[in-house]
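*Asks:* Could you have a look at this structure, given as structure tokens, before my questions?
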Amino acid sequence: MVEKQRCPLQRDSVYRWFSQLSSSQRVDFLCGLLDLCIPLELRFLGSCLEDLARKDYHSLRDSEIKANNPADLGSLTNLTDEVVRSKLLVSLALLNSDNREAAGVLCRTLTHIDSIINNYGLQLNDGRTGDEFLLLFTMASNHPAFSFHQKQVLRKELIEIQRIIDTTTPPNSCPLSSAPSCTNTFTATTTTVTSSKATASCHKVGIVQTTLLTCYITVIKQVNEICIGRP
């Protein structure tokens, strides 16, 4: 029997590749990795995420209350406003995994994207605006508070937004297509930097961490229900 040869993990290449992804690509990729993890791995990762999230718990407490209040979310309807989009991103990151009512409010707001683009001529190819919409719909379509049907609708909207951006933006190499492999060395890909401010970058990283924690908590709840149901 011929033993299958294992390829060495190019850890540094993976780190460099991941650091070049946009926030929306990071969220989508990491949520996919969570689906591949076994229960014990999820428990360990959850401990790491909880420790990271605990550091910002008190500073985000007021924002978390607003993010889970349907009345507050109902006022965030103008997606053409950059401030509103920023608040929606924070709300999605801090939305509780079982808050269906608040998720319904957010879903109704986000599914108006077609009319907004057509009626207001919102440009998705100006860099930052497109990135914000991609992150919004990526987070929403992966968030456990949304129903399966809502996620499907939001995923279709996300695909359409990506199509619009791809057709109106000059062709460029995509970081996702340059993932490091066992046979090829890592090739750095050029990405568009949407903001030069370090605070904006830290803010996006915090959103990614909080979103992953919410997804993790839901996965653990499902694992616990399965374990409790066993004889």
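Each reported figure results from applying straightforward, stated rules to the coordinates on display, with no laboratory input. Remember, it's a predicted structure, so these values are computed and weren't measured experimentally. Neighbour counts run over all protein chains shown; Cβ positions are idealised from the backbone, glycine included.
*Asks:* Counting other C-beta atoms within 10 Å, and keeping those with at most 15, which DSSP coil chymotrypsin sites (Phe, Trp or Tyr not before Pro) do you find in segment 41-120?
*Replies:* Listed in order of number, the matching sites are Y57.
*Asks:* Within 10 Å, count the other beta carbons around each residue, average over each peptide in 106-116, 131-141, and list them highest first. Mind showing how you got there, number by number?
*Replies:* Details: 106-116: 17.2, 131-141: 24.2.
Ranked from most to least packed, the peptides come out as 131-141, 106-116.
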